[in-house]
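All remarks here apply to the structure that follows.
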Amino acid sequence: MHALLLLLTIGSTTLVGISHYASFTSDFLPRPVAASFGSLLGGGLWYSATILAILGCHELGHYLTCRYYGVDASMPYFIPAPIVMSGTLGAFIHIREQIPSKRTLFDIGVAGPIAGFLVAIPALLLGLTMSRVVRIPPDLPLMTIGEPLLLKLFAAVIWGTPPEGYDLSLHPVAFAAWFGLLVTALNLFPFGQLDGGHISYAVFGRASRYVSLATIGVAVVLTSFSVSWIVWTALMVAALLRFGPNHPPTADEEEPLDRPRQAVALFALLIFVLCFTPAPIGPAEILRH
């Protein structure tokens, strides 16, 4: 099952990557997708390899940490989705037993975002160097993507500030890195059994329930910045109604985090800030202004 889902996700992300390459070579304008050898190598496989490397290392970070602590967990499940702009809905592992302590939970939870982030950084740099500045067409498609802080910083260093009427057209590798940053930010939301929820519980203990409730409130506010947050907010509300606000307890709830792990928690917060964008998908009118 793991191998089959991985193969299907390689196929779905390659197809989507070919589509992104067609858009990239046409400078923002829609263009019929031609499944040629050039588009396969130039965009499809580049995109697929990048996005699977980020997502795969994220999940392997969780999995290998579980193996280190002897926690029973499955290999990663990849989720193919050829009909969406990413080609995948991400990946996950299934932990089959109670986590023994908050320190172990913290290490498992934080390992994934850090591993994926460390892969996303060189991918983003490579993708941006392969991107190009082009004129924004008057008939730009209706939607555009928001830029996380890390993407803005790297783009400013590599390309500077584009002239008025121009913007950066992302190569499929850069777009895959953008999606990797978005997934990292979403997973670091301090809610429920997301990676950020594990970190929050390890840091705050039972008080993390109030952090989860506050996160729901923040998500509701974010829907005023972009309608793309509606689905994510609805999923969190559904999880809250289904599982409640309390994180599943570890076997040892009293063990506090040590100073090094507290420092790593702050580093995870920095990663969230660098990967977060208040409007992941928004109207193209924003780009024109």
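Here, each number is a calculation from the coordinates, and none is a lab measurement. For clarity, every value in this text was computed on a predicted model and none was experimentally measured. We place every Cβ from the backbone using ideal geometry, glycine too, and count neighbours over all the protein chains shown.
Global dimensions of the chain from alpha-carbon coordinates: Rg and Dmax equal 19.6, 60 Å. By the helix-only formula, in which each DSSP H run with n ≥ 4 contributes -39500 (n - 2.57) and the sum is divided by residues, the chain has a 222 nm mean residue ellipticity of -19000 deg cm²/dmol.
All other residues whose Cβ lies under 13 angstrom from that of residue 114 are scored, Lys and Arg at +1 and Asp and Glu at -1, for a net of -2. Our analysis of the range 48-154 gives Rg over Rh at 1.09, with the two radii drawn from alpha carbon positions and Rh computed by the Kirkwood formula.
Defining a contact as two alpha carbons under 8 Å apart and six or more residues distant in sequence, what relative contact order in percent does the range 102-184 show? This gives 50 percent for the range 102-184. Working from Cα pairs under 8 Å separated by at least six residues, relative contact order for the chain is 22 percent. Based on Cα contacts under 8 Å between residues 6+ apart, the range 39-120 shows a relative contact order of 39 percent. Taking the empirical scaling 2.2 N^0.38 Å for compact globular proteins as reference, the range 87-221 has a Cα radius of gyration ratio of 1.29. Mind grabbing the base-10 log of I(q)/I(0) for the range 153-271 at q = 0.11, 0.14, 0.20 Å⁻¹? Debye formula, identical points on the C-alpha positions, no solvent, two decimal places. Evaluating at q = 0.11, 0.14, 0.20 Å⁻¹ gives log10 I(q)/I(0) of -0.51, -0.74, -1.13.
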